[in-house]
Amino acid sequence: MKPRIATAARVVLWCTLLYIGTLALVAIAAPLIAPADPLVQNIPARFSSPGTAGYPLGADDFGRDVLSRIIFGARAALLVGLVSVGIALLLGLVTGLAAGLLEGPVDSALMLLMDAVLSFPTVLLAITVVSVFGYGLPQVMAAIGVIFSPLFARIVRAETLTLKQEPYVMSAHALGTPLRRIVSVHLLPNMLPKIVVQCTVTFALAIVIEASLSFLGLGAQPPQPSWGLMLRSARNYLLDAPWLAFYPGLAIGLTVFSFNLLGDLLNELLQIRR
Amino acid sequence: MDDLVCIEGLSKVHYGAGLLKRRARTVRAVDDVTLTIGCNTIMGLVGESGSGKSTLARAVLYLDRPSAGSVEIDGLNPAVLSRAQMKLFRQRAQIVVQDPHAALNPRRSVAASVAEGLRNRGVPRCARERRVAELLEMVGIPARRGRDHPEQFSGGQRQRIVIARALAMDPRFLILDEPVSSLDVSIQAQIINLLLDLKHQLALTYLFISHDLNLVAYISDSIAVMKQGRIVEQGDAADVIAHPQQAYTQMLFQSAPRLFDTDPGRR
Amino acid sequence: MRRLPFSILAALIAASIYAGGAPEAARPQGDTLRFALSGNPDTLDPQATQGTLTFQVLRSVYDTLVEPDHDGRIVPALAESWQVSTDNLSWTFQLRRGVSFHNGDRLTAADVAATFARLLDPGLGSPHAKEFASLREIRTPDEYTVVFELDHPYSPLLSSLATGWSAILPRSLIAAQHDFAAHPVGTGPFRFEQWIRDNRIALLRNPDYWIPAVPIVERVHFNIITEVAVQVQGVLTGDLHIIDMVGPTDIARIERDPRTRLDTGLSSLVMVLAINTRRDPLSDLRLRRAINHAVDKQSILDVAYAGGKVIGTFMDYGDPYYVDLADLYPYNPQRARRLVAEAGAAMRTLDLVLPQNYEPHVRAGEMYQQMLAEVGFDVRIRLVDWSTWLADVYAGGNFDLTVIGHTGKLDPDGRLSMFESDNNYVGWTDPHAAEMIRAARRVAGFEERRALYRDVLQLLAEQVPFVFVGSNYRYIAMRENVEGFHMDAKLDTYDLRRVRLR
């Protein structure tokens, strides 16, 4: 049963996957691809415009190669996405399964906690967490992971409650299948599509929040190449060197857009399948 | 004839969810049910939808812990069983559920589904594969189709696979919860015939749940009538059909279209 | 003198980071000078605060006994002249006659005595009281003579008397428990008119000022504008005459516009890369010298601090006590590498702590990291917020390297007294330097003090507890029709007495 979606959507899906795949490759192979060391300053070349020999996308206020910094910045962005989504997923799975399987007061208490976390404005909460535990990418990733775990917990709980009623889960129970195996064989694989969709959307959110926090100076720390941090220093030169803001802005925009689009498309795909 | 299944005073109460409103919505889905089913016989369980038949089935198999009462199947009372003995209980009593579309995990091959019980019993892999093939053939599915996924089978075929999965446990008692109600009439007959054949071959005992009174009348040795969680009438099938004692039973049988004589055919 | 040394920098730089808001619609008025004040002062009581904003306003409302001239030398103001006894223990001031307060009182020696009695009153809890710890008593032999009797010689006294918190208050109002915090009354060129909080402070010309024909403008409005973009917009549209917040990227716009002009001068900040001399391997002088040679100071000033002048010493360029040590450690990476090799110390990763909210320091830090890496140092940047920096780095000494700017002080003692012992954040002292710092406090003559401080500054530069990078330019933008404006870089206050609007 092949999903039937419009050809246009199919093309967009492949473009999105191509972009994300390329980005992942670029991030992994950054040291091989980048034309220059993203940290090396060259004061005489500062503010070289895009196209200058040796600076295809121009040079920043310290004369560092913008292209190389964008390439290494992809590492930070994807790392933040992966780690924070991983943390959110893990926490969300544990709480969601516990709530869905145990029901009753455990469920009520866990969901109350999750709703409390969700009711805070995300970026504000992230800022608070980072202010308490210190600036830096590891703290940002942990904060984003914790903050987004309720999104996963709610999905996992709802799916657990639904799937638990599926006759095949009841049959497995009757067949004496242990709980651990019911979860791993019957519950998780069947909630996977929804989780994957949530992962891609959360991935995009995580990248945005990392960029925001780095822009505010709370995330990635100089001189680490991070798109948000690049935007932060670029805003001083918007009129004189607009490319300093343009390229990292474009990178953030494209990446976030791609992951959101992927999430939408996957969602559509899976709905048709149901 | 010895009794295989003894159910005594079984009740199941559903509590409302939530931290605050626990008391507010309690439902006595099964209320003080006492039944006995003889060895190698079929008991038909009838009643309107919502009368608590499926809840009773789950409670009998201890899929949901009953609120009160006791169950004993082939001498095993799950309320007092150890973990190891519980495994034995799970082997003795199995269930075949109504909707064959939802009864199989869509993400697993049917062979994997049939093998699930064997795996739980600790049957080694090669023996498992052999047995799965046997079981599939027994219910009329070619063994080579074991690799396929549920979506590649028709409703009747899936129900056969579900039956094979239950049989993998070598049960003595099967609860058949509306096993054919979602199938075409012609397919229904095939499945019913398969079930009757299997009962014969494997000396099985059935609790046959259905709202199709003609079907129940056709295959049952005894009949229990359920209303609002209670058994309002039970007895020999012929007696219940011929001389229903309760107004409710009469109403049930009058409203059903008559396909069979009041004297049910026996196998 | 215990004013936080970084407050000015905070105002200058933090303000330039944020932009937004709409320009205030001010009506053009005849002969009203509209001046942008970068924040709301906490109080207008000169004795009760350390806030720069307060003194920027009060400089025009009050006078002091003496004041710094445009070259930073102390000259007469309310005191016409002064003498110091040979033992440096008694300072006699002759007051100017015919000076009156805004409430009509005539200035006499009693007002001066009452002013300092109030400042030293523990009930007031003035943060400046400790500057006058050497004061034993104030005598008033006649109506126009005041004598400060000291317990021990203390030359910085004169500078203290020239700063804003030594403003002279009228005795009658002190006695009446007047609320100086809300309604200042002095002898200054302008009378206080009103203070609309978070909006503006209005001053009115004092026609009886003791300098004839001064001041010139009728009114001064200090419009309180905290956003740099709003200030810049204001001066470009003509709503404001003078602004003191100019971001690095606004410089070109203001210079291009024929209706505005930029007043560029060196600030009194000394930008430093501070080195914790307590810690190995930085306790090794050779490594500190290597660091100094590794730093391209002009490049740091140009890129991180939007331009400035290399000075190489712990005294700003405009200070009378300035010593030219700019060529002591020229940028020389080869020599730096040689020194590192010579030291041969077990090198570890150095902890470079940067105050996160002061972007120029962070940018400088990024450059230091790169420059030091080129000569063989492994430096890791750690950003902290301002309160952490104060507690952990400045007070706690928990750092290897850090970047900061030290504000100017009227008296050299203000900058140098911290090296009397090693109880300072870089952990540096020197017995000879400490002795000279103490001696300079006891002698009163400028030349004698200068000789002592020259040696202290020389030692400080040679021993490299800091890489003295230089002073940045500070920019004040004004309409082209503004004349006669003077900013005192050291006090960070404005002399508006001779301002004229053409």
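The values are calculated or read from the model by the stated rules, or taken from the named source; none is laboratory data. Quick caveat: nothing in here was measured; it's all calculated off a predicted structure. FYI the Cβ positions are ideal-geometry reconstructions off the backbone, even for glycines, and counts take in every protein chain you see. For the accessible areas, the whole protein counts, side chains as well, though only heavy atoms, and no ligand, DNA or RNA atoms are used. Shrake-Rupley method; radii C 1.70, N 1.55, O 1.52, S 1.80 Å.
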*Has the range A:226-234 got at least one residue that is surrounded by fewer than 18 Cβ atoms within 10 Å (Cβ to Cβ), without any contact (Cβ under 8 Å) to a residue 24 or more places away in the chain and either in a helix (DSSP H, G or I) or away from chain B (no Cβ under 12 Å) (or both)?*
no
Does any residue of the range C:182-191 turn out to be open to solvent by 60 Å² or more (accessible area, probe 1.4 Å), touching a strand residue (DSSP E or B) at 6+ places or on another chain (Cβ under 9 Å) and closer than 28 Å to C:Arg118 by Cβ?
yes
From the option list B:Asp212, B:Asp170, single residue qualifying as more than 19 Å from B:Asn105 (Cα to Cα), touching a residue at least 12 places away in the same chain (Cβ under 8 Å), more than 14 Å from chain A (Cβ to nearest Cβ) and acidic (Asp, Glu) is B:Asp212
The correct count of residues that are open to solvent by less than 60 Å² (accessible area, probe 1.4 Å), more than 14 Å from chain C (Cβ to nearest Cβ), touching a residue at least 60 places away in the same chain (Cβ under 8 Å) and not in a helix (DSSP H, G or I) in the range A:1-39 is 2
Inset, instruction - Kindly check whether there is at least one residue in the range C:220-227 that is aliphatic (A, V, I, L, M), assigned to a loop (DSSP other than H, G, I, E, B) and surrounded by 20 or more Cβ atoms within 10 Å (Cβ to Cβ). - result: yes
Contact list, first residue from the range A:40-65 and hydroxyl-bearing (Ser, Thr, Tyr), second anywhere and in a loop (DSSP other than H, G, I, E, B), beta-carbon distance below 6 Å, six or more apart or interchain, is A:Ser48/A:Gly58; A:Ser49/A:Gly58; A:Tyr55/A:Ser48
Some residue of the range C:472-495 being among the aliphatic types (A, V, I, L, M), open to solvent by less than 10 Å² (accessible area, probe 1.4 Å) and within 30 Å of C:Arg286 (Cα to Cα):
no
The condition of being out of contact with any strand residue (DSSP E or B) (no Cβ under 7 Å at 6 or more places or on another chain), open to solvent by less than 10 Å² (accessible area, probe 1.4 Å) and either in a helix (DSSP H, G or I) or at pLDDT 90 or above (or both) holds, among B:Ile141, B:Ile175, B:Ile187, B:Ile223, only for B:Ile141
Per the filter on the range C:447-477, residues aliphatic (A, V, I, L, M) and assigned to a helix (DSSP H, G or I) are C:Ala451, C:Leu452, C:Val456, C:Leu457, C:Leu459, C:Leu460, C:Ala461
Do we find that B:Ser67 is open to solvent by 40 Å² or more (accessible area, probe 1.4 Å), among the hydroxyl-bearing types (Ser, Thr, Tyr), in contact with a strand residue (DSSP E or B) (Cβ under 6 Å, 6 or more places away or on another chain) and farther than 13 Å from B:Ala166 by Cα in this structure?
-> yes
Here the qualifying pairs (Cβ atoms under 9 Å; residues six or more apart or on different chains; first in the range B:107-118 and more than 8 Å from every other protein chain (Cβ to nearest Cβ) and open to solvent by 20 Å² or more (accessible area, probe 1.4 Å); second of a type in the set (D, E, K, R) and not in a helix (DSSP H, G or I)) come out as B:Ser109/B:Asp148; B:Ala111/B:Asp148
Do we find that A:Ala116 is at pLDDT below 90, more than 14 Å from every other protein chain (Cβ to nearest Cβ) and under 28 Å from A:Ser212 (Cα atoms) in this structure? yes
Only unsatisfied item for B:Pro124, checking (1) within 14 Å of chain A (Cβ to nearest Cβ); (2) surrounded by fewer than 22 Cβ atoms within 10 Å (Cβ to Cβ), is (1)
Given the conditions (1) under 19 Å from the mean Cα position of the chain (by Cα); (2) among the polar types (S, T, N, Q); (3) within 14 Å of another protein chain (Cβ to nearest Cβ), every one holds for A:Ser212 apart from (3)
Selection from the range C:398-453 of residues among the β-branched types (Val, Ile, Thr) and modelled with pLDDT under 90 yields C:Thr407, C:Val443
Among strands (runs of 3 or more DSSP E) entirely inside the range C:61-142, those with 2 or more residues being open to solvent by 50 Å² or more (accessible area, probe 1.4 Å) are C:79-84, C:135-142
Pairs returned, first residue in the range A:126-143 that is in contact (Cβ under 8 Å) with a residue 60 or more places away in the chain, second residue that is polar (S, T, N, Q), beta-carbon separation under 6 angstrom, 6 or more apart or interchain, are A:Val130/A:Gln139; A:Gly136/A:Gln221; A:Met141/A:Ser84
A:Gln139 passes all but one of the listed conditions (1) under 27 Å from C:Trp386 (Cα atoms); (2) not in a helix (DSSP H, G or I); the exception is number (2)
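Residue by residue, here is whether (1) farther than 30 Å from A:Gly219 by Cβ; (2) over 14 Å from the mean Cα position of the chain (by Cα); (3) polar (S, T, N, Q) holds:
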| residue | (1), (2), (3) |
| --- | --- |
| A:Met114 | no, yes, no |
| A:Gly134 | no, yes, no |
| A:Val146 | no, no, no |
| A:Thr160 | yes, yes, yes |
| A:Leu192 | yes, yes, no |
| A:Gln198 | no, no, yes |
| A:Val201 | no, no, no |
| A:Leu205 | no, no, no |
Over the range C:402-421, the set of residues of a type in the set (D, E, K, R) and free of Cβ contacts under 8 Å to residues at least 24 places away in the same chain is C:Glu420
Being closer than 27 Å to C:Met478 by Cα and either of a type in the set (Phe, Trp, Tyr) or in contact with a Phe, Trp or Tyr (Cβ under 9 Å, 6 or more places away or on another chain) (or both) narrows C:Ile275, C:Ile251, C:Ile291, C:Ile300 down to just C:Ile251
Condition set β-branched (Val, Ile, Thr) and open to solvent by 20 Å² or more (accessible area, probe 1.4 Å), scope the range C:247-274, selection farthest from the chain's Cα centre (by Cα): answer is C:Thr249
Problem - Condition check for B:Leu88: under 19 Å from B:Gly117 (Cα atoms), within 13 Å of chain A (Cβ to nearest Cβ) and crowded, with 20+ Cβ neighbours inside 10 Å - result: no
(1) part of a helix (DSSP H, G or I); (2) of a type in the set (Gly, Ala, Ser); (3) within 12 Å of chain B (Cβ to nearest Cβ) all hold for A:Ala206 apart from (3)
